[in-house]
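Only the coordinates and a few stated rules stand behind these numbers; no lab work does. Given the structure is predicted, the values throughout are model-derived calculations rather than measurements. Note that we place each Cβ from the backbone using ideal geometry, even for glycine, and neighbour counts take in every protein chain shown.
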Amino acid sequence: MEKIKTYYRKIKHALKLYPIYKVVEEVQKREPGKKYDMLEVFANTGEHQMPAYKHLAKSIEAWEINSMHEKALRRNLPGATIRITNSMEEADRCEKKFDWIVMDAHMECFGANKEYCEHFEILPKAFRLCKEEAILIFNVIPECPKEWNIKYPDIFGPRHLERRNRFYGVNDTTNLSYDFFEKFYVSLAEKNGFKTEWMFFHQRHLLHYAVMKIIKLQA
Ligand SMILES: C[S@@+](CC[C@H](N)C(=O)[O-])C[C@H]1O[C@@H](n2cnc3c(N)ncnc32)[C@H](O)[C@@H]1O
């Protein structure tokens with residue numbers, strides 16, 4: 001079964017059928033020919049999204065907490081720096097700077113005690129890891145269609161919604177617009193010393209990619 005899934009995924013990548021390809025195409029339109037020092041914060045095996053953009057890398061660093069993925073990561077990302085680590089802690093230790101950071105976190109609360117939620121803990125830490133200019137890619141969830149809620153009851157369950165409300169600073173996060181997200185993240189970047197050159201969104205499934213190009217503000 002796993003072999004069939006891998007084969008199917010490879011075909012979809014070959015045909016560029018995943019939404020991440022649209023994201024990469026859009027970034028390349030805005031920054032043709034640019035190569036990046038990339039950081040993948042929740043890398044998994046490196047075979048789901050990275051095939052769409054790893055060719056744009058000058059260097060790749062991949063962080064993943066689950067040591068079961070180490071072998072596949074090394075196979076899928078030859079030459080990359082692979083760290084089996086808790087990214088939340090690694091982000092505080094890391095001294096290297098990047099200009100392409102992907103934070104493909106879980107869809108709701110995660111961690112041994114559900115202490116993390118979506119990208120809410122990692123994104124504020126990621127600003128410190130950015131070069132003068134950087135592209136940040138993470139997921140947002142504007143709303144949760146009923147069929148998703150039935151399949152995954154914790155998504156938009158009480159714990160998740162409470163964390164969302166706290167992070168976004170509003171009382172109801174069940175229906176957020178791209179406009180709301182853009183204002184929120186532009187302001188977050190500014191509080192962390194960056195102006196936003198551009199930002200766009202692209203739907204993936206329940207998750208939507210949020211893609212922003214930030215530039216360090218002069219002191
Ligand atoms: C949604 S998956 C990422 C998928 C990946 N971007 C891809 O395209 O294949 C989330 C991954 O983050 C890892 N993870 C969860 N918590 C983590 C943490 N605190 N530090 C590092 N990795 C973590 C999980 O083991 C899982 O492989």
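Name the single residue, out of those in segment 203-219 being part of a strand (DSSP E or B) and basic (Lys, Arg), that is nearest to residue 29 (Cα to Cα). Taking the candidates together, the pick is 213. When restricted to residues that are surrounded by 13 or more Cβ atoms within 10 Å (Cβ to Cβ), over 19 Å from residue 209 (Cα atoms) and not polar (S, T, N, Q), segment 134-158 contains 3.
Results for (1) touching a strand residue (DSSP E or B) at 6+ places or on another chain (Cβ under 6 Å); (2) of a type in the set (S, T, N, Q); (3) under 19 Å from residue 36 (Cβ atoms), shown as yes or no for each residue.
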| position | (1), (2), (3) |
| --- | --- |
| 62 | yes, no, yes |
| 68 | no, no, no |
| 94 | no, no, yes |
| 105 | no, no, no |
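Against the conditions (1) farther than 30 Å from residue 144 by Cα; (2) surrounded by 19 or more Cβ atoms within 10 Å (Cβ to Cβ); (3) not hydrophobic (A, V, I, L, M, F, W, C), residue 69 satisfies every one except (1).
Can you confirm whether residue 39 is over 28 Å from residue 196 (Cα atoms) and surrounded by 20 or more Cβ atoms within 10 Å (Cβ to Cβ)?
Working: over 28 Å from residue 196 (Cα atoms): no; surrounded by 20 or more Cβ atoms within 10 Å (Cβ to Cβ): yes.
No: the conditions fail for residue 39.
Could you tell me which of the residues 180, 200 is surrounded by 13 or more Cβ atoms within 10 Å (Cβ to Cβ) and part of a helix (DSSP H, G or I)?
Numbers: 200 fails: part of a helix (DSSP H, G or I).
After ruling out the rest, the residue left standing is 180.
Take the residues of segment 26-70 that are hydroxyl-bearing (Ser, Thr, Tyr) and closer than 22 Å to residue 110 by Cα: which is farthest from the ligand (Cβ to nearest atom)? Taking the candidates together, the pick is 67. Considering only residues in segment 71-96 that are assigned to a helix (DSSP H, G or I) and within 11 Å of the ligand (Cβ to nearest atom), the one that is farthest from residue 117 (Cα to Cα) turns out to be 76.
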